[in-house]
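First up is the structure itself, then whatever we jot down about it.
The values are calculated or read from the model by the stated rules, or taken from the named source; none is laboratory data. Note that the structure is a prediction, hence the values are computed from the model and not measured. Heads up, the Cβs are rebuilt from the backbone with ideal geometry, glycines too, and the neighbour counts pull from every protein chain shown.
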2 protein chains.
Amino acid sequence: MDTCIFCKIVSGEIKGDVVYRDENITAFRDLHPVAPTHILIVPNRHIESVSKLEPADATLMGQLLLTARKLAEEAGIAESGFRLISNTGKDGGQTVFHLHIHLIGGQGMKHPMG
Amino acid sequence: MDTCIFCKIVSGEIKGDVVYRDENITAFRDLHPVAPTHILIVPNRHIESVSKLEPADATLMGQLLLTARKLAEEAGIAESGFRLISNTGKDGGQTVFHLHIHLIGGQGMKHPMG
């Protein structure tokens with residue numbers, strides 16, 4: 001996607017604060033963190049949102065969650081705890097239309113869900 | 001797990017408001033919904049949290065997310081949008097220690113993330 005900012009971070013065209021990268025997944029720090037740890041984990045392939053997932057994407061999605069677990073460990077928050085969030089569409093508050101999981105931790109959550 | 005309430009809903013020992021069930025996954029309505037649609041999606045096997053995931057759980061985790069997508073469609077919120085949340089540990093606000101994904105939608109989110 002020529003205009004997708006996350007695709008550009010994945011490709012390296014825009015320099016993100018990348019903390020993890022493999023052939024399927026890239027993770028980088030959120031520019032506007034809401035907590036001491038706030039990392040975005042994205043599939044390298046452009047998928048708009050959870051609503052656009054296909055059955056064949058199951059393994060990739062599982063790898064995203066396992067990467068979140070690994071990054072939580074590396075950030076030292078696997079035991080203290082963290083919240084994973086993925087927003088889809090307008091009601092979900094999605095602002096970048098390239099599927100991503102927020103890994104948020106390093107302090108207790110300030111806001112209720114929903 | 002003898003004392004886990006989600007294991008008991010999975011097994012049928014406690015009657016939940018189950019909206020989906022297969023050999024690996026069960027989904028049921030949250031008892032204290034924070035939005036018009038609030039469904040919990042859980043692996044049938046007891047896994048405490050995202051922090052306890054093993055690499056072999058990747059496919060199962062992907063199936064959880066694809067089930068969330070399917071249930072969002074059935075609830076008529078795939079286009080309007082929704083938020084997926086999984087809380088881990090104390091800082092994440094986890095209250096039941098059987099891994100679960102919250103599917104929340106049917107209205108715009110009221111609270112910021114984190």
* To do: May I ask you to verify whether A:Leu71 is hydrophobic (A, V, I, L, M, F, W, C), in contact with a strand residue (DSSP E or B) (Cβ under 8 Å, 6 or more places away or on another chain), more than 7 Å from chain B (Cβ to nearest Cβ) and outside any strand (DSSP E or B)?
  => yes
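Quick one: is A:Leu99 surrounded by 22 or more Cβ atoms within 10 Å (Cβ to Cβ) and either away from chain B (no Cβ under 11 Å) or touching a Ser or Thr at 6+ places or on another chain (Cβ under 9 Å) (or both)? Write out each step before concluding.
On the way: surrounded by 22 or more Cβ atoms within 10 Å (Cβ to Cβ): yes; either away from chain B (no Cβ under 11 Å) or touching a Ser or Thr at 6+ places or on another chain (Cβ under 9 Å) (or both): yes.
Here the answer is yes, as A:Leu99 does meet what is asked.
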* To do: Could you please give the count of residues in the range B:62-108 that are free of Cβ contacts under 8 Å to residues at least 40 places away in the same chain and over 16 Å from the mean Cα position of the chain (by Cα)?
  => 8
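So is B:Val19 within 13 Å of the chain's Cα centre (by Cα) and either surrounded by fewer than 22 Cβ atoms within 10 Å (Cβ to Cβ) or at pLDDT 95 or above (or both) or not?
On the way: within 13 Å of the chain's Cα centre (by Cα): yes; either surrounded by fewer than 22 Cβ atoms within 10 Å (Cβ to Cβ) or at pLDDT 95 or above (or both): yes.
Yes.
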* If you take the residues of the range A:49-63 that are part of a helix (DSSP H, G or I) and out of contact with any helix residue (DSSP H, G or I) (no Cβ under 8 Å at 6 or more places or on another chain), which of them is nearest to B:Leu64 (Cα to Cα)? -> A:Ala56
* To do: Please determine, by comparing only the residues of the range A:78-96 that are closer than 21 Å to A:Arg21 by Cβ and within 7 Å of chain B (Cβ to nearest Cβ), which one is surrounded by the most Cβ atoms within 10 Å (Cβ to Cβ).
  => A:Phe82
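In the range B:4-27, which residues are of a type in the set (Val, Ile, Thr) and either in contact with a Gly (Cβ under 6 Å, 6 or more places away or on another chain) or in a loop (DSSP other than H, G, I, E, B) (or both)? Break it down into steps so the answer makes sense when it comes.
Going through the range B:4-27, the residues of a type in the set (Val, Ile, Thr) turn out to be B:5, B:9-10, B:14, B:18-19, B:25-26.
The answer is B:Ile9, B:Ile14.
So if I check each of B:His46, B:His32, B:His38, which one is within 11 Å of another protein chain (Cβ to nearest Cβ) and assigned to a loop (DSSP other than H, G, I, E, B)? So that I can check it myself, show each step before the final result.
Numbers: B:His46 fails: within 11 Å of another protein chain (Cβ to nearest Cβ); B:His38 fails: assigned to a loop (DSSP other than H, G, I, E, B).
B:His32 is the lone residue from the list that is within 11 Å of another protein chain (Cβ to nearest Cβ) and assigned to a loop (DSSP other than H, G, I, E, B).
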* **Identity of the residue in the range A:22-58, surrounded by 12 or more Cβ atoms within 10 Å (Cβ to Cβ) and among the acidic types (Asp, Glu), that ends up farthest from A:Met109 (Cα to Cα)** => A:Asp57
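Can you pull out the residues in the range B:81-114 that are in a loop (DSSP other than H, G, I, E, B) and among the β-branched types (Val, Ile, Thr)? It would help to see each step written out before you state the result.
Let us first name the residues in the range B:81-114 that are in a loop (DSSP other than H, G, I, E, B), namely B:81, B:93-100, B:106-114.
Selection gives B:Thr95, B:Val96.
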* Residues of the range A:10-30 that turn out to be under 15 Å from A:Leu99 (Cα atoms) and touching a residue at least 24 places away in the same chain (Cβ under 8 Å), as a count -> 5
